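Beneath this line is the structure, given in structure tokens, with notes to follow.
The values are calculated or read from the model by the stated rules, or taken from the named source; none is laboratory data. Small disclaimer: the values here were computed from a predicted structure and weren't measured. Ideal geometry is used to build each Cβ from the backbone, glycine not excepted, and the neighbour counts take in all protein chains shown. What goes into the accessible areas is simple: the full protein's heavy atoms, side chains included, and nothing from ligands, DNA or RNA. Shrake-Rupley method; radii C 1.70, N 1.55, O 1.52, S 1.80 Å.
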Amino acid sequence: MDNGNSMKLKISENYPIYNTFHIEAHAARYAKYASVEELQSLVPELQRQPVLHVGGGSNLLFLHDYDGLVLHSAIRGIDVVEEDDASVVVVVGAGIVWDDFVAYSIEQGWSGAENLSLIPGEVGASAVQNIGAYGAEAKDIIVKVEAVELATGQVREFDNAECHYDYRQSIFKQELRGKYAVTHVYYRLFKHFEPCVSYGNIQSILPQGEPLTPQLVRDTVIQLRQSKLPDPDVQGNAGSFFMNPVVSQEQFESIQKDYPNMPFYVVPHGVKIPAGWLIEQCGWKGRALGKAAVHDRQALVLVNLGGATGQDILLLSDTVRQAVKDKFNLSIHPEVNIIS
Ligand code: EPU
């Protein structure tokens with residue numbers, strides 16, 4: 001009988017890679033691991049070929065098949081590792097579906113993750129991409145991240161500061177891109193609820209007269225997301241395709257002169273302008289280019305109308321970016337990882 005450690009992990013060949021854009025792409029080799037030890041057992045394989053680590057496939061655009069090894073975490077488990085009167089720290093396996101974790105934490109009476117309800121993807125990606133929505137970001141509740149160095153199999157912990165978090169950024173997307181696989185994430189969640197409902201129109205759609213609870217915020221966020229964002233099971237997409245650009249105060253004022261109603265948010269290094277608004281001003285909201293289109297309810301989202309290739313989506317992205325550049329002299333950049 002096989003025992004866990006000596007067992008060789010199965011590597012599949014020519015494996016279809018799931019992605020929410022529903023773009024057809026195959027991995028030359030594919031492995032799913034369920035523990036840190038299983039991942040470490042793959043190190044010799046990882047050393048001899050290109051490696052791409054995927055999560056739920058909700059932030060990927062494949063331009064063609066992947067000629068290397070695609071890794072996917074199936075590490076599960078949600079365990080409390082610290083608890084006091086005010087909060088808990090939980091360690092969560094990277095392969096858990098993010099929204100399952102949010103739902104579970106609310107069931108336990110813990111708050112802090114409710115604004116991030118229904119974001120597609122898995123726990124590992126929350127720490128890599130610093131997912132964010134409705135005034136909250138994963139970095140606000142991340143205590144530390146456990147990751148394995150792919151070249152050596154060594155386990156390393158990164159505390160929150162070492163992750164270099166910023167808007168949709170982390171050390172795992174920058175300096176250490178492709179070098180580590182996140183295996184577990186530690187989050188601090190709270191026993192006393194401090195709602196964060198000042199973002200956009202959350203406040204205006206919250207039912208009046210009902211006590212504000214994490215569950216009510218979750219339900220409201222879900223309602224808002226479902227009203228604006230296309231369901232990937234129905235129409236291929238990867239959520240926001242672009243990041244919102246952050247511009248200098250000077251640049252902002254020069255655009256605002258011509259567009260006094262432009263929405264904006266003041267952030268630490270400048271002013272953030274919603275890319276969806278910029279794209280809509282360029283007349284691209286709801287417009288198609290071949291089999292790809294800009295979503296008609298949220299111009300930040302590009303959709304696969306059916307049978308689009310990665311190149312079709314990329315052509316639309318380039319065309320939209322150029323339109324924004326021509327009209328506003330502003331560069332917008334994809335948030336989605338383009339795998340070329
Ligand atoms: N807007 C337009 N036209 C559009 C889209 C937006 O004018 O087509 C305007 C809205 O009217 C609003 C402003 O832009 O005044 C902001 O819109 P929204 O609240 O929808 O947020 P966003 O900045 O477009 C970001 C995140 C979303 C997240 C929402 C809510 C990024 C790249 N995207 O979008 O994240 O759900 O805020 O917090 O920061 C995702 O990452 O996949 C995602 C959907």
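Points to keep in mind about this one:
Residues are listed down the side, and each one gets a yes or a no for (1) open to solvent by less than 70 Å² (accessible area, probe 1.4 Å); (2) at pLDDT 95 or above; (3) part of a loop (DSSP other than H, G, I, E, B):
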residue	(1), (2), (3)
171	yes, yes, yes
181	yes, yes, no
208	no, no, yes
215	no, yes, no
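- Counting the residues of the range 230-243 that are within 6 Å of the ligand (Cβ to nearest atom) and either of a type in the set (Lys, Arg) or over 11 Å from the mean Cα position of the chain (by Cα) (or both) gives 1.
- Flag for residue 99 being within 14 Å of the ligand (Cβ to nearest atom) and without any contact (Cβ under 8 Å) to a residue 24 or more places away in the chain: yes
Residues are listed down the side, and each one gets a yes or a no for (1) over 21 Å from the mean Cα position of the chain (by Cα); (2) over 26 Å from residue 170 (Cβ atoms); (3) surrounded by 15 or more Cβ atoms within 10 Å (Cβ to Cβ):
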| residue | (1), (2), (3) |
| --- | --- |
| 281 | yes, yes, yes |
| 291 | yes, yes, yes |
| 324 | yes, no, yes |
| 340 | no, no, no |
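Matching residues to (1) hydrophobic (A, V, I, L, M, F, W, C); (2) in contact with a helix residue (DSSP H, G or I) (Cβ under 9 Å, 6 or more places away or on another chain); (3) open to solvent by 20 Å² or more (accessible area, probe 1.4 Å):
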| position | (1), (2), (3) |
| --- | --- |
| 288 | yes, yes, yes |
| 306 | no, no, yes |
| 316 | yes, no, no |
| 329 | no, yes, yes |
| 334 | no, yes, yes |
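- Candidate set: the range 257-276, residues that are open to solvent by less than 60 Å² (accessible area, probe 1.4 Å) and either in a strand (DSSP E or B) or within 8 Å of the ligand (Cβ to nearest atom) (or both); chosen: the one modelled with the lowest pLDDT: 267
- Criterion: within 30 Å of residue 233 (Cα to Cα) and of a type outside the set (D, E, K, R) - qualifying residue of 281, 256: 281
- Any pair with Cβ under 9 angstrom, 6 or more apart, that starts in the range 327-340 at a residue that is more than 14 Å from residue 20 (Cβ to Cβ) and part of a strand (DSSP E or B) and ends at one that is within 13 Å of the ligand (Cβ to nearest atom) and open to solvent by 30 Å² or more (accessible area, probe 1.4 Å): 334/243
- The residues in the range 107-128 that are open to solvent by 20 Å² or more (accessible area, probe 1.4 Å) and either at pLDDT below 95 or not acidic (Asp, Glu) (or both) can be counted, and the count is 8.
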